[in-house]
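Chemist: To start, I am sharing the structure in question, which I have written as structure tokens.
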């Protein structure tokens with residue numbers, strides 16, 4: 001019988017490894033309990049039990065560290081986060097590309113991969129890209145890609161590139177990163193109907209920590225921000241929302257392929273039927289919830305950016321986005337974007353190849369699922 005993961009034991013382990021006791025709240029506990037209950041039902045092989053155990057402890061440990069640091073510098077919680085930009089949308093529609101381009105603007109501040117993973121102590125503006133933790137991560141990344149260049153096909157990321165908010169909102173145990181770790185229907189159903197107020201409150205605390213000595217206009221990215229726009233705006237009422245659009249057939253195939261990798265890495269198995277049922281449904285839910293929010297907020301409250309336009313003419317598309325945001329498209333911003341594009345040509349690490357048929361899906365079936373979305377948005381077809 002597989003070893004069971006027990007919440008109280010993992011919480012105590014996080015306290016032991018950090019030497020810290022106090023969490024800012026216990027808002028993470030319900031999600032943790034539901035997640036562990038579903039994972040335990042999978043009867044995982046020991047290496048995968050250990051992987052999930054380690055990842056849970058790390059998330060809890062980072063929350064303890066964030067709480068401990070903010071306890072020492074409580075004035076940080078009074079510092080505002082003004083007019084942050086949130087990039088969201090259906091998964092696999094170019095949110096990463098757009099976020100990477102925004103991050104090259106020296107006037108903007110992004111949550112970088114290395115500081116998300118190791119947030120305490122936070123960096124200064126001068127050390128964002130030179131902190132020893134960043135340098136060590138870059139070297140590990142170089143060796144990983146040297147050994148496995150194919151990894152770069154799936155997700156364009158780096159230690160010093162911006163990363164998704166989900167990598168720190170998971171400290172509240174309400175997030176699709178946890179949901180993507182196998183066939184977890186109880187956690188999935190709970191997550192899509194639960195209130196994420198505590199998650200966005202923690203999100204704000206985390207950003208207030210990161211901007212302690214490295215402030216700026218925040219550029220934040222996570223496709224699933226689109227699932228909870230009313231909650232996001234409750235915490236960030238002056239947020240600017242950017243919705244990326246891409247052919248949903250391409251996006252859905254890519255999403256299923258990526259989640260196949262996630263499921264396999266977390267459990268050692270690929271539940272193909274679950275992937276074919278769950279992730280197209282999730283993709284449609286992203287579109288529907290964003291459209292629902294837009295109907296209530298007004299069309300102009302959300303800015304549209306099409307992936308095809310970014311690929312075809314990135315600088316012109318970014319210039320239009322800046323105009324919609326009300327920001328100056330400076331020469332420094334343009335230079336940074338051009339340099340990044342030169343260093344990251346499309347297909348740099350090869351092409352992520354996938355087919356809907358691998359998951360028992362057909363183009364007609366996917367188009368039908370996205371009927372409302374395709375009826376409202378003229379999205380350029382691919383392939």
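Chemist: Residue by residue through the stretch 27-49, note down the ones that are buried (at least 19 other Cβ atoms within 10 Å of the Cβ) and free of Cβ contacts under 8 Å to residues at least 40 places away in the same chain.
Modeler: 36
Chemist: Take residue 343 and decide whether it is surrounded by fewer than 17 Cβ atoms within 10 Å (Cβ to Cβ), within 21 Å of residue 226 (Cα to Cα) and under 25 Å from the mean Cα position of the chain (by Cα).
Modeler: Working: surrounded by fewer than 17 Cβ atoms within 10 Å (Cβ to Cβ): yes; within 21 Å of residue 226 (Cα to Cα): no; under 25 Å from the mean Cα position of the chain (by Cα): yes.
In short, no.
Chemist: Which residue out of 257, 224 is at pLDDT below 95, in contact with a helix residue (DSSP H, G or I) (Cβ under 9 Å, 6 or more places away or on another chain), in a helix (DSSP H, G or I) and within 30 Å of residue 43 (Cα to Cα)? Step through it out loud before you land on a result.
Modeler: Working: 224 fails: at pLDDT below 95.
Criteria check complete, one pass: 257.
Chemist: Given (1) over 16 Å from residue 172 (Cα atoms); (2) in contact with a helix residue (DSSP H, G or I) (Cβ under 6 Å, 6 or more places away or on another chain); (3) surrounded by fewer than 21 Cβ atoms within 10 Å (Cβ to Cβ), identify the lone condition not met by residue 83.
Modeler: Failing condition for residue 83: (2).
Chemist: If you don't mind, there's one more thing I want to ask. So the check is Cβ under 7 Å with 6+ separation or different chains; which pairs have a first residue in the stretch 364-382 that's at negative phi and in contact (Cβ under 8 Å) with a residue 40 or more places away in the chain and a second one that's surrounded by 13 or more Cβ atoms within 10 Å (Cβ to Cβ) and assigned to a loop (DSSP other than H, G, I, E, B)?
Modeler: From the stretch 364-382, the pairs are 379/246; 379/247; 380/247; 381/247; 382/247.
Chemist: Ok, one more. How many of the residues making up the stretch 130-146 are closer than 24 Å to residue 18 by Cα, surrounded by 13 or more Cβ atoms within 10 Å (Cβ to Cβ) and free of Cβ contacts under 8 Å to residues at least 24 places away in the same chain?
Modeler: Here the count works out to 4.
Chemist: Now for a different question. For the stretch 53-90, what are the residues that are within 15 Å of the chain's Cα centre (by Cα) and part of a loop (DSSP other than H, G, I, E, B)?
Modeler: The answer is 90, and nothing else.
Chemist: Kindly indicate whether residue 215 is touching a strand residue (DSSP E or B) at 6+ places or on another chain (Cβ under 8 Å), at pLDDT 95 or above, surrounded by fewer than 19 Cβ atoms within 10 Å (Cβ to Cβ) and more than 14 Å from residue 165 (Cβ to Cβ).
Modeler: Numbers: touching a strand residue (DSSP E or B) at 6+ places or on another chain (Cβ under 8 Å): yes; at pLDDT 95 or above: yes; surrounded by fewer than 19 Cβ atoms within 10 Å (Cβ to Cβ): yes; more than 14 Å from residue 165 (Cβ to Cβ): yes.
Criteria met by residue 215.
Chemist: Okay, moving on. Looking at (1) buried (at least 18 other Cβ atoms within 10 Å of the Cβ); (2) without any contact (Cβ under 8 Å) to a residue 40 or more places away in the chain, which is the only condition residue 72 fails?
Modeler: For residue 72, the failing item is (1).
Chemist: Next question, about the same structure. Sort out which residues of the stretch 279-313 are touching a strand residue (DSSP E or B) at 6+ places or on another chain (Cβ under 6 Å) and not in a helix (DSSP H, G or I), and write them in order of number.
Modeler: 302, 303, 304, 305, 306
Chemist: For the list (1) closer than 23 Å to residue 261 by Cβ; (2) in contact (Cβ under 8 Å) with a residue 60 or more places away in the chain; (3) not in a helix (DSSP H, G or I), I need the number of the one condition that residue 159 fails.
Modeler: (2)
Chemist: Scan the stretch 163-182 and tell me whether some residue there is farther than 29 Å from residue 107 by Cβ, over 17 Å from the mean Cα position of the chain (by Cα) and either without any contact (Cβ under 8 Å) to a residue 12 or more places away in the chain or assigned to a helix (DSSP H, G or I) (or both).
Modeler: So far as the stretch 163-182 goes, no, none of its residues is farther than 29 Å from residue 107 by Cβ, over 17 Å from the mean Cα position of the chain (by Cα) and either without any contact (Cβ under 8 Å) to a residue 12 or more places away in the chain or assigned to a helix (DSSP H, G or I) (or both).
Chemist: Still on this model: Find the residue count for the stretch 266-278, including only residues that are part of a helix (DSSP H, G or I) and without any contact (Cβ under 8 Å) to a residue 60 or more places away in the chain. Even if it seems obvious, please write down each step before you answer.
Modeler: Residues of the stretch 266-278 that are part of a helix (DSSP H, G or I), as a first pass: 266-267, 272-278.
Those left that are additionally without any contact (Cβ under 8 Å) to a residue 60 or more places away in the chain: 277.
Going through the stretch 266-278 one residue at a time, the tally reaches 1.
Chemist: Sticking with this one: Could you tell me which residue of the stretch 110-129 is farthest from residue 60 (Cα to Cα), considering only residues that are under 16 Å from the mean Cα position of the chain (by Cα) and crowded, with 16+ Cβ neighbours inside 10 Å?
Modeler: Here is the first cut: in the stretch 110-129, the residues under 16 Å from the mean Cα position of the chain (by Cα) are 110-117.
Next cut, crowded, with 16+ Cβ neighbours inside 10 Å only: 110-116.
On the way: 110: 23, 111: 19, 112: 20, 113: 18, 114: 17, 115: 16, 116: 13 Å.
Among those that are under 16 Å from the mean Cα position of the chain (by Cα) and crowded, with 16+ Cβ neighbours inside 10 Å, it is 110.
Chemist: Take residue 93 and tell me if it is in contact with a strand residue (DSSP E or B) (Cβ under 8 Å, 6 or more places away or on another chain), over 21 Å from residue 203 (Cβ atoms) and not in a helix (DSSP H, G or I). Write out each step before concluding.
Modeler: Numbers: in contact with a strand residue (DSSP E or B) (Cβ under 8 Å, 6 or more places away or on another chain): yes; over 21 Å from residue 203 (Cβ atoms): yes; not in a helix (DSSP H, G or I): yes.
For residue 93, the condition - in contact with a strand residue (DSSP E or B) (Cβ under 8 Å, 6 or more places away or on another chain), over 21 Å from residue 203 (Cβ atoms) and not in a helix (DSSP H, G or I) - is met.
Chemist: Look through 322, 354 and report the one residue that is surrounded by 14 or more Cβ atoms within 10 Å (Cβ to Cβ) and modelled with pLDDT of 95 or more. Don't jump to the end; show me each part of the working.
Modeler: Values: 354 fails: modelled with pLDDT of 95 or more.
None of the others qualify; the one that does is 322.
Chemist: Something else about it: For the stretch 205-212, state whether one or more residues are assigned to a loop (DSSP other than H, G, I, E, B) and in contact with a strand residue (DSSP E or B) (Cβ under 8 Å, 6 or more places away or on another chain). I'd like the intermediate steps shown before the answer.
Modeler: Of the stretch 205-212, the ones assigned to a loop (DSSP other than H, G, I, E, B) are 211-212.
After this cut, where a residue has to be in contact with a strand residue (DSSP E or B) (Cβ under 8 Å, 6 or more places away or on another chain) as well, the list is 211.
There is at least one residue in the stretch 205-212 that is assigned to a loop (DSSP other than H, G, I, E, B) and in contact with a strand residue (DSSP E or B) (Cβ under 8 Å, 6 or more places away or on another chain).
Chemist: Sticking with this structure for a sec: Can you run down the residue pairs with Cβ atoms below 7 Å, 6 or more apart or on separate chains, where the first is in the stretch 80-104 and at positive phi and touching a residue at least 40 places away in the same chain (Cβ under 8 Å) and the partner is surrounded by fewer than 22 Cβ atoms within 10 Å (Cβ to Cβ) and in a loop (DSSP other than H, G, I, E, B)?
Modeler: 83/238
Chemist: Of the residues in the stretch 1-18, how many are in a loop (DSSP other than H, G, I, E, B), in contact with a helix residue (DSSP H, G or I) (Cβ under 9 Å, 6 or more places away or on another chain) and either surrounded by fewer than 16 Cβ atoms within 10 Å (Cβ to Cβ) or modelled with pLDDT under 95 (or both)? Spell out the reasoning first.
Modeler: Here is the first cut: in the stretch 1-18, the residues in a loop (DSSP other than H, G, I, E, B) are 1-6.
Adding the requirement that they be in contact with a helix residue (DSSP H, G or I) (Cβ under 9 Å, 6 or more places away or on another chain) leaves 2-6.
Still in the list and also either surrounded by fewer than 16 Cβ atoms within 10 Å (Cβ to Cβ) or modelled with pLDDT under 95 (or both): 2-4, 6.
Residues flagged as in a loop (DSSP other than H, G, I, E, B), in contact with a helix residue (DSSP H, G or I) (Cβ under 9 Å, 6 or more places away or on another chain) and either surrounded by fewer than 16 Cβ atoms within 10 Å (Cβ to Cβ) or modelled with pLDDT under 95 (or both) within the stretch 1-18 amount to 4.
The values are calculated or read from the model by the stated rules, or taken from the named source; none is laboratory data. Note that the coordinates shown come from a computational prediction; the quantities given were computed from them, not determined experimentally. Every residue, glycine among them, receives a Cβ derived from its backbone with ideal geometry; neighbour counts consider all protein chains shown.
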